[in-house]
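Just so it is clear, none of the values below were taken in a lab; they were calculated from the coordinates. Note that the coordinates shown come from a computational prediction; the quantities given were computed from them, not determined experimentally. Don't worry about glycine lacking a Cβ; one is built from the backbone with ideal geometry, like all the others, and counts go over all protein chains shown.
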Amino acid sequence: MPFRLEDLRSAASGFRKYATEELTESRARERYLKTVFLCHSHKDQEYVRGFITRIRENGWTAYVDWLDSTMPEKPNRETADRLQARIRRMDYFVYLATPNSSSSRWCPWEIGFADGVKKRDEIMIVTTTDYSGHLYGAEYLELYRNIDIASSGNVAVFDPNSTQGTRLSSF
């Protein structure tokens, strides 16, 4: 079952407890947290905060470029180089599929790059749905694993075309 955008918006309130905790990659690995490069639209900051809250509850942490104070203020070649390096270093590449990410200029570039440097099992799509039931991310469902909500209510990873998922915390 896809994430409902309104549920991600609600979960964003829990982000504060994670935002104050600076987690470097090495510290995340010391804590045995899985690391994720989170591909998203900058217009979706509230959804991003909600998604980070949900995955942190399951032992995962995400890199988000607009939370990185070392990124250039205006995107340039250095931005692209840094994003490529992060995509390579993170355990997983996760694409947050929303109405905004499908129209983003950077999201297609990021997933295209990830597809060329990551193993297929290291790329995952977060499908979402809006209040009217419109599904976002469906175009990628058969290519990559999905991070969705299992029937139990837990966040889980599903292989393409599978109805049986593995809890994110067990992954």
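Residues considered: Ser41, Ser103, Ser132. Largest GNM mean-square fluctuation over the chain, using C-alpha springs under 10 Å, is found at Ser132.
Which order do Trp60, Trp66 fall in if you start with the one that has the fewest other Cβ atoms within 10 Å?
Numbers: Trp60 22, Trp66 10.
Listing Trp60, Trp66 from fewest to most nearby Cβ atoms yields Trp66, Trp60.
What 222 nm value per residue comes from the helices of the chain, counting each DSSP H run with n ≥ 4 as -39,500 (n - 2.57) and dividing by all residues, nearest 500 deg cm²/dmol? Provide the component values of the computation, followed by the final result.
Working: 6 runs with 53 residues, N = 171.
Estimated from H runs of four or more residues: -8500 deg cm²/dmol.
Summary value for the chain: 24 percent relative contact order, contacts being C-alpha pairs under 8 angstrom separated by 6+ residues. Total lysine pairs in the chain at Cα distances under 19 Å, for residues eight or more apart or on different chains: 4. Among His134, His42, a tally of other beta-carbon atoms within 10 Å of each Cβ gives an order, fewest to most, of His134, His42.
Couplings for the stretch 155-171, taken from phi via the Karplus curve 6.51 cos²θ - 1.76 cosθ + 1.60 with θ = phi - 60°, read 6, 9, 9, 10, 5, x, 6, 10, 9, 9, x, 10, 3, 4, 5, 9, 6 Hz in order; Gly and Pro are left as x. In the stretch 22-171, taking the dipole from charged Cβ atoms about the Cα centre, the farthest positive-side position among Val157, Asn58, Tyr140 is held by Asn58.
How many times 2.2 N^0.38 Å is the alpha carbon radius of gyration of the chain? If you can, show how the numbers build up before the last one.
Numbers: Rg = 14.9 Å, N = 171, 2.2 N^0.38 = 15.5 Å.
Working it through for the chain, the quotient is 0.96.
Spin-label model, Leu143 to Asp68: label points 7 Å out along the Cα-to-beta-carbon direction sit 2.2 nm apart.
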